[in-house]
Structures are given as C-alpha cells and as structure tokens.
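Since the structure comes first, as structure tokens, the remarks are kept for the end.
The values are calculated or read from the model by the stated rules, or taken from the named source; none is laboratory data. Keep in mind it's a predicted model, so treat the numbers as computed, not measured. Using ideal geometry, Cβ is built from the backbone for each residue, glycine included, and neighbour counts are taken over all protein chains shown.
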Amino acid sequence: MRILTGIQPSGDLHIGNYFGSIKPMIESLDKGDVFAFIANYHSMSSLFDGKRRSELTMQAATDFLALGMNPEKATFWVQSDVKEVLELYWILSAFTPMGLLERAHSYKDKTAKGISANHSLFSYPVLMAADILLFNSNIVPVGKDQIQHVEIARDIAIKFNNEYGDIFTLPEYQIDTNVQTVPGTDGQKMSKSYGNTVNIFGEEKKQLKVIKKIITDSVPMEEPKEYENCNVYNMARLFLNDVELVELQNRYKKGGEGHGHFKLYLADVIWDYFAPYREKRAYFDANQDEVKEILDFGASKAREVAQPLMEKIRSVTGVTYK
Ligand code: ADP
Ligand code: TRP
C-alpha cells in the first residue's frame with residue numbers, strides 16, 4: 001500500500017501542522033510504503049523569493065528529520081530533484097478538461113481573496129496529479145481542502161488510461177476524522193496565514209510571549225473555570241495523557257488559579273514535549289550536508305519508481321520515436 005504525501009515549504013511549521021499532518025505521517029511509517037516529498041515547485045505559485053524558498057526547503061527537511069521522518073523506512077525527497085514530474089505534468093495537461101480546473105475550489109477561493117491569478121495557480125492540480133500518479137500512489141492522506149485535488153488526479157488518470165491502457169494506479173484520498181483542527185492563539189484554526197500559530201521549533205522566550213497572548217475568558221482567579229472551550233486547555237490536551245488531562249481539568253474546576261498559570265503550564269508542556277526533537281533538530285541543523293545526502297538518497301529511490309513508469313508513458317504516447 002503506497003501512501004503519498006506532499007508538503008509545501010511555505011513557512012515555519014506549527015503545532016497544527018504537527019498534529020494534523022506530521023505526526024500521523026510519522027506513525028504511518030510502520031503501516032505502509034510512505035512516499036513524502038517537499039513540494040517546492042508548488043510553492044512557486046505564491047512565494048516568489050528564491051532565497052527564501054531554498055531556505056524553507058532545507059528548513060522543512062531538517063524539521064521533518066528531527067520529528068521522526070525515517071529515510072530508511074520512507075522515500076523522502078524534494079520535488080524538484082525528480083524532474084520527470086514536470087514532463088508528466090505537461091502530458092497530463094492534455095488529459096485535463098478546462099472545466100475540471102475551472103471548478104477547483106482552491107483556485108476560486110484564492111482568487112476571491114485577491115491573490116493574483118497566474119497560470120501556475122490555475123494548473124496546480126495538474127502538477128499535483130503528476131506528483132500522485134508518477135509514484136503509483138494508492139492512498140493520499142489529505143485535509144478537507146485537498147480532497148478535490150485527489151479527485152481531479154483520479155479523473156485525469158481515468159481519461160489517460162482510457163486512451164492508453166492501464167498505465168496509472170487510481171489514487172484514493174484518505175481523510176482522518178480523528179485529527180481535530182488545532183486552534184490558534186485567537187481560537188480560529190491555527191494557520192500560517194492567520195498569524196495565530198505556536199511554532200514547533202520556536203525560541204523559548206518568543207514561544208512564551210506567543211502563548212501569553214492566547215485569548216481566554218476573564219474569570220476571577222478564585223473561581224472555577226470552564227475548560228471545554230478554553231483555547232489554552234484545547235492546545236494543552238493534545239500533548240497530555242489521560243491522567244494528566246484529568247489533573248488539568250481538576251485544576252480548572254477547583255479555582256484558585258488564573259489563566260496565566262495555565263498558560264505557563266502550557267508553555268512548559270510544549271517545551272518538554274518537543275525537547276528530544278529539538279536535540280535531533282540541533283544535530284541536523286549542524287549537519288546540513290547529511291540532510292542533503294538524505295535528500296539525494298530519497299530522490300534516487302523516488303526516481304527508481306518514476307523512471308520506468310515515465311518510460312512507459314513516453315512509449316505509449318509516442319514521445320519516444322526511435
Ligand atoms: P497552513 O494553514 O498553516 O498554511 P498548510 O495548509 O500548509 O497549513 O497545511 C499543511 C498540513 O497541516 C495539512 O495537512 C493541514 O491539514 C495540516 N494543518 C494545518 N493547520 C492545521 C490545524 N490548525 N489543525 C490541524 N491540521 C492542520
Ligand atoms: N497541495 C498540497 C497542499 O497544499 C501539497 C501537495 C502537493 C500534495 N502535491 C501533493 C499533497 C501530492 C499530497 C499529494 O497541502
């Protein structure tokens with residue numbers, strides 16, 4: 001069972017990314033054949049600073065390795081190191097009706113928000129289809145916003161297979177209903193674009209400052225407090241086991257402590273949780289050549305799958321003519 005996932009290198013990773021995407025991916029390393037890549041070509045539709053892109057690409061690779069990505073168990077690479085994906089992107093374009101792209105929510109949402117509509121933003125689902133189909137992916141774990149893109153990949157694969165035979169594996173999306181939306185410091189969904197994130201690898205003082213800004217209700221210190229809708233509690237619970245959770249609930253119920261205390265507690269919990277990962281991160285940060293070697297190794301494993309399939313595609317489409 002091949003499970004494929006792609007992550008755009010578009011900013012610092014936050015605890016929403018961790019619980020919504022990274023942790024489940026690391027946990028699936030023992031369950032299937034995981035293919036994970038850093039989607040640096042995709043980031044071109046919205047980020048134009050080249051230096052920033054290359055920094056964020058290395059940063060994402062370093063973060064992933066620190067958080068448990070195992071390059072022996074998974075195939076882990078940077079999208080642009082397997083150039084076949086761009087060749088396939090063009091070939092698949094010929095099997096992509098305009099209407100299919102015109103109906104894409106993500107494009108419509110982004111243009112509605114005033115993001116200027118360049119062609120890469122419009123044709124992005126075709127590149128994503130190439131990412132998925134080039135590696136015979138069976139399962140693509142996604143958040144709600146990406147379901148339609150996997151369906152588009154499937155539609156394109158069916159059209160291509162109708163013309164040339166059984167070339168592509170038909171992918172399916174997988175949505176994890178256990179993964180809740182992690183709230184941000186303002187109570188909305190935590191997201192880079194809302195400026196409400198608590199980062200995974202933030203600097204300690206900065207982290208505390210961010211956590212102190214979490215919005216809470218104002219109940220006098222002595223009084224019992226509600227925990228169910230408290231943003232501090234809802235962040236903390238992601239990190240706690242059952243016993244710790246009940247202890248925290250009791251502290252809320254008992255009164256005598258203010259939200260400031262719970263915020264300090266949350267800062268400690270987050271700091272301690274990521275401590276071993278921070279150590280690993282410091283190691284990879286100091287050994288960026290090793291990170292690059294791991295990415296090269298991953299790209300060579302990815303090419304072993306992509307190249308034979310691409311040869312077949314060139315042959316059936318008549319691009320190979322000799
Ligand atoms: P952002 O909204 O910060 O730009 P992305 O859209 O890059 O995040 O998301 C990358 C991955 O992290 C996706 O799989 C997404 O579902 C997951 N993710 C992002 N924010 C959250 C959140 N607040 N709660 C749960 N998962 C999230
Ligand atoms: N579009 C995905 C996102 O923005 C990233 C991505 C690119 C992806 N190619 C992919 C995800 C292929 C899964 C499979 O989050």
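Test Leu4 against the criterion of being in contact (Cβ under 8 Å) with a residue 12 or more places away in the chain and away from ligand 1 (no atom under 15 Å from the Cβ), and give yes or no.
Numbers: in contact (Cβ under 8 Å) with a residue 12 or more places away in the chain: yes; away from ligand 1 (no atom under 15 Å from the Cβ): no.
So Leu4 does not fit the description; no.
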- Within the stretch 165-183, can you find the residues that are more than 11 Å from ligand 1 (Cβ to nearest atom) and either touching a strand residue (DSSP E or B) at 6+ places or on another chain (Cβ under 6 Å) or assigned to a strand (DSSP E or B) (or both)? Pro171, Glu172, Tyr173, Gln174
- Task: Can you tell me which residue among Gly255, Gly260 is exposed (fewer than 13 other Cβ atoms within 10 Å of the Cβ), touching a residue at least 24 places away in the same chain (Cβ under 8 Å), of a type in the set (Gly, Ala, Ser) and under 29 Å from Ser218 (Cβ atoms)?
- Result: Gly260
- Just name the residue that is surrounded by the most Cβ atoms within 10 Å (Cβ to Cβ) out of those in the stretch 28-68 that are of a type in the set (A, V, I, L, M, F, W, C) and out of contact with any helix residue (DSSP H, G or I) (no Cβ under 8 Å at 6 or more places or on another chain). Ala60
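Under the condition of being farther than 16 Å from Glu290 by Cβ and in contact (Cβ under 8 Å) with a residue 24 or more places away in the chain, which residue from the stretch 42-66 is nearest to ligand 2 (Cβ to nearest atom)?
Pass one, the stretch 42-66, residues farther than 16 Å from Glu290 by Cβ: 42-56.
Narrowing the set further to residues that are in contact (Cβ under 8 Å) with a residue 24 or more places away in the chain leaves 42-47, 53, 56.
Details: His42: 5, Ser43: 9, Met44: 12, Ser45: 10, Ser46: 10, Leu47: 12, Arg53: 15, Leu56: 14 Å.
Of everything passing the filter in the stretch 42-66, His42 is nearest to ligand 2 (Cβ to nearest atom).
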- Task: Within the stretch 178-211, track down each residue that is of a type outside the set (S, T, N, Q) and surrounded by fewer than 14 Cβ atoms within 10 Å (Cβ to Cβ).
- Result: Tyr194, Gly195, Glu203, Glu204, Lys205, Lys206, Lys209
- Message: Go through the stretch 123-138 and report how many residues are near ligand 2 (Cβ under 10 Å from one of its atoms) and in contact with a strand residue (DSSP E or B) (Cβ under 7 Å, 6 or more places away or on another chain).
- Response: 4
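When only residues in the stretch 184-215 that are in a helix (DSSP H, G or I) and closer than 13 Å to Phe274 by Cβ count, which is nearest to ligand 1 (Cβ to nearest atom)?
So, considering only residues that are in a helix (DSSP H, G or I) and closer than 13 Å to Phe274 by Cβ, the one nearest to ligand 1 (Cβ to nearest atom) is Gln207.
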- Message: Would you confirm, using the coordinates I've provided, whether Pro71 is over 19 Å from Gln288 (Cα atoms) and away from ligand 2 (no atom under 14 Å from the Cβ)?
- Response: no
- Mind checking whether some residue in the stretch 124-135 is touching a Phe, Trp or Tyr at 6+ places or on another chain (Cβ under 7 Å) and free of Cβ contacts under 8 Å to residues at least 40 places away in the same chain? yes
- Message: Looking at the stretch 139-162, can you tell me whether even one residue there is away from ligand 1 (no atom under 16 Å from the Cβ), out of contact with any Gly (no Cβ under 9 Å at 6 or more places or on another chain) and either of a type in the set (S, T, N, Q) or not assigned by TED's automatic domain parsing to the domain that holds Gly20 (or both)?
- Response: yes
- Filtered residues of the stretch 1-27 (kept if surrounded by 20 or more Cβ atoms within 10 Å (Cβ to Cβ) and more than 10 Å from the chain's Cα centre (by Cα)): Ile3, Leu4, His14, Ile15
- Query: Quick check: is even one residue across the stretch 223-240 assigned by TED's automatic domain parsing to the domain that holds His259, part of a loop (DSSP other than H, G, I, E, B) and of a type in the set (Gly, Ala, Ser)?
  - Reply: no
- Note on the structure: Within the stretch 4-41, of all residues that are touching an Asp or Glu at 6+ places or on another chain (Cβ under 8 Å) and within 10 Å of ligand 2 (Cβ to nearest atom), the one nearest to Gln146 (Cα to Cα) is Gly6
- Message: Tally up the residues in the stretch 284-310 that are touching a helix residue (DSSP H, G or I) at 6+ places or on another chain (Cβ under 9 Å) and surrounded by 14 or more Cβ atoms within 10 Å (Cβ to Cβ), please.
- Response: 12
- Message: Looking at the stretch 169-201 only, could you name the residues that are charged (D, E, K, R) and within 16 Å of ligand 2 (Cβ to nearest atom)?
- Response: Glu172, Asp176, Lys189, Lys192
- Message: Being in contact with a strand residue (DSSP E or B) (Cβ under 6 Å, 6 or more places away or on another chain), under 24 Å from Asp81 (Cα atoms) and touching a residue at least 12 places away in the same chain (Cβ under 8 Å) narrows it down to one residue among Lys301, Lys312; which is it?
- Response: Lys301
